[in-house]
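A short worksheet on the structure shown next.
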Amino acid sequence: MENLDLIVLRALLDWRRAGKKALLATVVRTWGSSPRPVGSIMALCEDGSVVGSVSGGCIEDDLIRNYSGLQHFPLDQQSAPQFLKYGVTADEAHRFGLPCGGTLEILLEFNVDIDSLAKLINELTDGKLVARETELKTGTVTLKVIAQPEALSINETVLSNTFGPEYRMLIIGAGQLSEYLATMALFNGFSVTVCDPREEYRGNWKVTGVTLSSQMPDDLVQEMRLDSRSCVVALTHDPKLDDLALLDALQTKAFYVGAIGSRRNSEARRQRMIEHFGYTEESIAKLKGPVGIYIGSKTPPEVAVSVMAEILAVKNGVRLPESSQVSYAKELL
């Protein structure tokens with residue numbers, strides 16, 4: 001499954017290529033609580049079709065009411081974007097289903113240029129990180145390939161929003177827990193690769209939409225060139241498969257590197273890395289283990305939920321309290 005931004009942009013491009021008028025809505029500012037973060041996008045077609053989200057649903061309904069039908073779109077193919085603000089008063093916040101005290105501002109871009117959309121999608125498909133800059137007076141769009149993600153920025157003249165390639169997850173091991181975790185990662189928009197040189201495990205794999213590799217995990221880690229939108233989770237319990245791959249992953253910009261195991265097994269892994277590979281506590285501090293947040297997990301799907309939750313928390317910059325980072329049922333591990 002592609003990430004949500006690409007799904008939205010592809011739908012918008014399809015509508016524009018079909019000769020339909022359509023708009024791109026972007027959350028540019030929030031105050032207090034808001035249902036969707038800054039940078040979230042949504043596409044709306046003249047016929048009322050919607051892809052993506054800028055809120056929990058009520059604001060989308062209001063946009064559909066106000067902008068469905070050709071008469072509601074500017075006559076010019078390219079016109080100045082418009083700002084909308086929701087939730088300014090308590091009554092509006094209640095009406096639009098916003099959290100108490102929540103306010104958000106949205107920028108609407110009408111009839112986005114087909115060529116710039118196609119170019120943006122091509123760059124993202126090629127794995128590039130792109131800053132999309134929109135001139136607020138004219139709607140003119142400029143694309144710039146960048147090296148590091150940048151937060152959305154807006155001033156009196158320009159909106160700049162960063163779009164990136166899919167987040168990637170490398171799962172080491174093709175067992176039952178991996179199937180549940182891969183499924184959850186897919187519907188969270190990750191591109192998933194599962195690596196296991198053991199034929200008896202690969203042969204029973206059932207999840208579609210996943211790249212299944214028979215390489216040695218450490219070789220694949222080097223081949224994938226993991227970046228800041230990548231994560232690695234080792235689930236085999238086999239040091240011969242896990243350890244070298246984890247060590248290589250720790251040398252990359254991957255935002256999350258972790259391995260399953262009890263506290264005892266995780267500590268033993270750390271000691272092996274220090275004693276046999278010359279690492280220090282500081283150089284392996286990034287390694288997560290035991291992986292997962294504490295939710296009382298007792299089954300493989302529950303364990304997968306706890307692991308996926310921790311990965312998403314790290315991805316989204318959420319600092320988890322120490323009490324939540326106690327692993328699931330030790331007897332399973």
Exercise. Mind checking whether some residue in segment 275-294 is in a strand (DSSP E or B) and not hydroxyl-bearing (Ser, Thr, Tyr)?
Worked result: yes
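Kindly evaluate Leu170 against the criterion of being under 30 Å from Pro197 (Cβ atoms) and part of a strand (DSSP E or B).
Working: under 30 Å from Pro197 (Cβ atoms): yes; part of a strand (DSSP E or B): yes.
In short, yes.
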Exercise. Quick one: in segment 225-244, which of the residues that are more than 13 Å from Ile260 (Cβ to Cβ) and among the small types (Gly, Ala, Ser) is surrounded by the most Cβ atoms within 10 Å (Cβ to Cβ)?
Worked result: Ser230
Seminar exercise, completed: Apart from one, (1) in a helix (DSSP H, G or I); (2) touching a strand residue (DSSP E or B) at 6+ places or on another chain (Cβ under 7 Å) all hold for Thr142; the odd one out is (1)
For this session: Looking only at segment 5-25, count how many residues are within 16 Å of Ile106 (Cβ to Cβ), crowded, with 23+ Cβ neighbours inside 10 Å and of a type outside the set (Gly, Ala, Ser).
Result: 3
For this session: Within segment 191-207, track down each residue that is modelled with pLDDT of 90 or more, surrounded by 15 or more Cβ atoms within 10 Å (Cβ to Cβ) and either of a type outside the set (D, E, K, R) or farther than 18 Å from Arg168 by Cβ (or both).
Result: Val192, Thr193, Val194, Cys195, Pro197, Tyr201, Arg202, Trp205, Val207
Seminar exercise, completed: Flagged pairs (Cβ under 8 angstrom, 6 or more apart or on separate chains; first in segment 274-286, free of Cβ contacts under 8 Å to residues at least 40 places away in the same chain; second among the acidic types (Asp, Glu) and exposed (fewer than 10 other Cβ atoms within 10 Å of the Cβ)) are Ile274/Glu281
Seminar exercise, completed: Considering segment 270-286, residues that are under 26 Å from Val318 (Cα atoms), in contact with a helix residue (DSSP H, G or I) (Cβ under 9 Å, 6 or more places away or on another chain) and of a type in the set (D, E, K, R), and then whichever is least open to solvent (accessible area, probe 1.4 Å), we arrive at Lys286
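How about segment 184-250: which strands (runs of 3 or more DSSP E) wholly inside it have at least 2 residues that are of a type outside the set (Val, Ile, Thr) and closer than 24 Å to Asn265 by Cβ?
Ranges flagged: 230-234.
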Exercise. So how many residues does segment 122-161 have that are crowded, with 18+ Cβ neighbours inside 10 Å and among the hydroxyl-bearing types (Ser, Thr, Tyr)?
Worked result: 1
Problem set entry | Index of the failed condition, Gly289 passing every other in (1) surrounded by 21 or more Cβ atoms within 10 Å (Cβ to Cβ); (2) out of contact with any strand residue (DSSP E or B) (no Cβ under 6 Å at 6 or more places or on another chain) | (2)
Problem set entry | All positions within segment 150-160 that are touching a Ser or Thr at 6+ places or on another chain (Cβ under 6 Å) and part of a strand (DSSP E or B) | Ser153, Leu159, Ser160
For this session: Select from segment 77-127 the residues that are of a type in the set (Lys, Arg) and at pLDDT 85 or above and list them in ascending order.
Result: Lys85, Lys119
For this session: Determine whether segment 183-201 contains at least one residue that is free of Cβ contacts under 8 Å to residues at least 12 places away in the same chain and either at positive phi or not aliphatic (A, V, I, L, M) (or both).
Result: yes
For this session: Name the residue, out of Lys253, Lys288, that is basic (Lys, Arg) and closer than 15 Å to Ile171 by Cα.
Result: Lys288
For this session: Answer yes or no: is there a residue in segment 312-333 that is modelled with pLDDT of 90 or more, closer than 12 Å to Leu177 by Cα and open to solvent by 40 Å² or more (accessible area, probe 1.4 Å).
Result: no
Exercise. Going by the conditions given, is Gly173 under 30 Å from Ile260 (Cα atoms) and at pLDDT 90 or above?
Worked result: yes
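Which of the residues belonging to segment 183-208 are more than 21 Å from Thr125 (Cα to Cα) and within 19 Å of the chain's Cα centre (by Cα)? Please lay out each step first, then the result.
First, pick out the residues of segment 183-208 that are more than 21 Å from Thr125 (Cα to Cα): 183-184, 195-207.
If the condition is that a residue be more than 21 Å from Thr125 (Cα to Cα) and within 19 Å of the chain's Cα centre (by Cα), then Thr183, Met184 are the ones that fit.
The values are calculated or read from the model by the stated rules, or taken from the named source; none is laboratory data. The model shown is predicted, which means the values in this text are computed figures rather than measured ones. Because the Cβ atoms are built from the backbone with ideal geometry, glycine has one as well, and the counts that use them run over all protein chains shown. Side chains are part of the model used for accessible areas, which takes the heavy atoms of the whole protein and leaves out ligands, DNA and RNA. Shrake-Rupley method; radii C 1.70, N 1.55, O 1.52, S 1.80 Å.
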